[in-house]
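Quick notes on the structure that follows.
The values are calculated or read from the model by the stated rules, or taken from the named source; none is laboratory data. Everything numeric here is computed off the predicted structure, so don't read it as measured data. Counting neighbours? That spans all protein chains shown, and the Cβs are built from the backbone with ideal geometry, glycine included. These area figures cover heavy atoms from the full protein model, side chains too; ligands, DNA and RNA do not enter into them. Shrake-Rupley method; radii C 1.70, N 1.55, O 1.52, S 1.80 Å.
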Amino acid sequence: MVTAGVVSTLLIRNREAEAVNMIDSLQDSFVHKSPNWDAWEATSEEDTSDTYVKIQTITKSGKVKDTFYSPNTQKYLKAKVTRISAFPAVKIVDGHGVFYYRSKLTHRAYYQIWLSMNYILHMVRVVLEAVLLVAGLSLIVGVALILLMSRRLTKPLTNLTKAARERAAETGQLQQSLPVPETPTEVNQLAISFNQLLTSLNDRMQREHQFVSDASHELRTPLAGIRGHVSLIRRRGTEHPEIVPDSLKYLDEESLRMQHLVENLLAISRNDQLQLDLKPLDLTELLTIVVANYQHQTAHKITLKLPKHAEALGNEDSIRQIVLAILDNAVKYSPDDRPIDITVVELDNATALSISDQGTGISDADKAHVFERFYRVDQARSSKIPGTGLGLAIVSQLVALNHAKIAVTDNHPQGTTFTITFRK
Ligand code: ADP
């Protein structure tokens, strides 16, 4: 439409200029006070076919003297005319087509000229047809190309969706990864990311599964003992009342162990969903209070090597839990007469807190596992030191929630050092 509009405007302008030229040439074509039409047609620079002219000569007093018509003009002027309000100079003439009208009044004559615009309309139609043809062809080719491209893109996606649906239908088949198409790159990346997600989900599921089965196992042992002693008291308690105090002591210890276990399990599952509010705090102040309270409960001497202030980003409650859990272990796994040393060192962008004991130490092989849930070094189990194997797992959860890092190293000459590095 725009192209047709521009072309017709240009052509109308062109006709307008032609009309002006023709009127000028008409002024020169007067021979013996009447226009010489043949000479005019022969000398005119413009195409005068399909052009109608009416000239009225005017007397000095302004009256019409003579009226001249170019050939066929009288017949042309009898035809019915329809005007187009938007273009006052353009008229539709019955049986002749569309015409451009122009007039000029001089002191000698009044010129009226009608130029055919049929050629212009024809041109506009040709341009429109050409534009429509090109547009139509582009549309067909474009749609075909889009369909082709989208099919190339969607086929691997459809395959991926199908495979994902199949995996979802076969429950427990998360182990099987999805097929990775080589192209297009986007789908290739999507499939790779999806497989990574599947792997991590799978790992998580396995860990959860392992956790539940370990938890059941840990609970089953004290429960079996408790049930055994209850049935012992029931069977022989009346005849042998001397066994009752021992059994009761066992019931007390085992139920307490179960209580700890259940509390730790709950803590682990709670921490899994937890998000902590981290604030800048003074580790020196926090540790001084925690250790002052803790010192009353233990025979171990706890020494503090702290700077005046030690800024760290963290959550106060959770840092207190971390320190208490590591202190509990240091107490459990080192002789009473050995000190426990707490040191805080400020680094460039971090603050490091170390808790060292001079106890049994942890072998390198075990160091890699002590933060796992239910992991207890064999020695700890055999020496009957009470514990659930969940303490350090909870510590590592809390450390992660504080966006901190924990490391376990050997203390010199003996024992273990736990170092937690907090952000500032
Ligand atoms: P537990 O309840 O058995 O203490 P933890 O998760 O706290 O469980 O610790 C896991 C294991 O790591 C312990 O069983 C113990 O073998 C070892 N461990 C932890 N802290 C120390 C330590 N300070 N010295 C020696 N061994 C330790």
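Given the criteria out of contact with any strand residue (DSSP E or B) (no Cβ under 9 Å at 6 or more places or on another chain) and surrounded by fewer than 15 Cβ atoms within 10 Å (Cβ to Cβ), does residue 230 qualify? If you could, list the steps in order and put the result at the bottom.
Values: out of contact with any strand residue (DSSP E or B) (no Cβ under 9 Å at 6 or more places or on another chain): yes; surrounded by fewer than 15 Cβ atoms within 10 Å (Cβ to Cβ): yes.
Against the criterion (out of contact with any strand residue (DSSP E or B) (no Cβ under 9 Å at 6 or more places or on another chain) and surrounded by fewer than 15 Cβ atoms within 10 Å (Cβ to Cβ)), residue 230 qualifies.
Scanning the range 26-45 for residues that are of a type in the set (D, E, K, R) and exposed (fewer than 15 other Cβ atoms within 10 Å of the Cβ), which turns out farthest from residue 101 (Cα to Cα)?
Residues of the range 26-45 that are of a type in the set (D, E, K, R), as a first pass: 28, 33, 38, 41, 45.
Still in the list and also exposed (fewer than 15 other Cβ atoms within 10 Å of the Cβ): 28, 33, 38, 45.
Numbers: 28: 20, 33: 24, 38: 21, 45: 19 Å.
So the residue we want is 33.
Name the one entry in 341, 348 that is assigned by TED's automatic domain parsing to the domain that holds residue 387, open to solvent by 20 Å² or more (accessible area, probe 1.4 Å), touching a residue at least 24 places away in the same chain (Cβ under 8 Å) and of a type in the set (D, E, K, R).
Testing whether each residue is assigned by TED's automatic domain parsing to the domain that holds residue 387, open to solvent by 20 Å² or more (accessible area, probe 1.4 Å), touching a residue at least 24 places away in the same chain (Cβ under 8 Å) and of a type in the set (D, E, K, R) leaves just 341.
Select from the range 241-251 the residues that are more than 26 Å from residue 390 (Cα to Cα) and open to solvent by less than 60 Å² (accessible area, probe 1.4 Å) and list them in ascending order.
243, 244, 247
Just checking, how many residues over the range 252-295 are among the acidic types (Asp, Glu), open to solvent by less than 50 Å² (accessible area, probe 1.4 Å) and more than 24 Å from residue 355 (Cβ to Cβ)?
1
Tally up the residues in the range 307-324 that are surrounded by fewer than 20 Cβ atoms within 10 Å (Cβ to Cβ) and of a type outside the set (S, T, N, Q), please.
Residues flagged as surrounded by fewer than 20 Cβ atoms within 10 Å (Cβ to Cβ) and of a type outside the set (S, T, N, Q) within the range 307-324 amount to 9.
Being within 40 Å of the chain's Cα centre (by Cα) and either of a type in the set (Val, Ile, Thr) or outside any helix (DSSP H, G or I) (or both) is the filter here, so list the residues in the range 262-291 that pass it.
268, 273, 274, 275, 276, 277, 278, 279, 280, 281, 282
Answer with yes or no whether residue 385 is more than 45 Å from the chain's Cα centre (by Cα), more than 6 Å from the ligand (Cβ to nearest atom) and among the β-branched types (Val, Ile, Thr).
yes
Output the residues belonging to the range 71-95 that are open to solvent by 70 Å² or more (accessible area, probe 1.4 Å) and assigned to a helix (DSSP H, G or I).
Within the range 71-95, 74, 75, 78 meet the criteria.
Just checking, does the range 279-288 include any residue being among the polar types (S, T, N, Q) and out of contact with any Lys or Arg (no Cβ under 9 Å at 6 or more places or on another chain)?
Yes, some residue in the range 279-288 is among the polar types (S, T, N, Q) and out of contact with any Lys or Arg (no Cβ under 9 Å at 6 or more places or on another chain).
Restricting the search to the range 140-168, which residues are under 19 Å from residue 202 (Cα atoms) and open to solvent by 80 Å² or more (accessible area, probe 1.4 Å)?
165, 166 - these are the residues of the range 140-168 that are under 19 Å from residue 202 (Cα atoms) and open to solvent by 80 Å² or more (accessible area, probe 1.4 Å).
Residues to consider are 353, 324; find the one that is closer than 25 Å to residue 296 by Cα, free of Cβ contacts under 8 Å to residues at least 60 places away in the same chain, within 45 Å of the chain's Cα centre (by Cα) and more than 8 Å from the ligand (Cβ to nearest atom).
Going through 353, 324 in turn, just one is closer than 25 Å to residue 296 by Cα, free of Cβ contacts under 8 Å to residues at least 60 places away in the same chain, within 45 Å of the chain's Cα centre (by Cα) and more than 8 Å from the ligand (Cβ to nearest atom): 324.
Out of 395, 370, 408, I need the residue that is among the β-branched types (Val, Ile, Thr), modelled with pLDDT of 90 or more, assigned to a helix (DSSP H, G or I) and near the ligand (Cβ under 10 Å from one of its atoms). Which one?
That would be 395, the only listed residue that is among the β-branched types (Val, Ile, Thr), modelled with pLDDT of 90 or more, assigned to a helix (DSSP H, G or I) and near the ligand (Cβ under 10 Å from one of its atoms).
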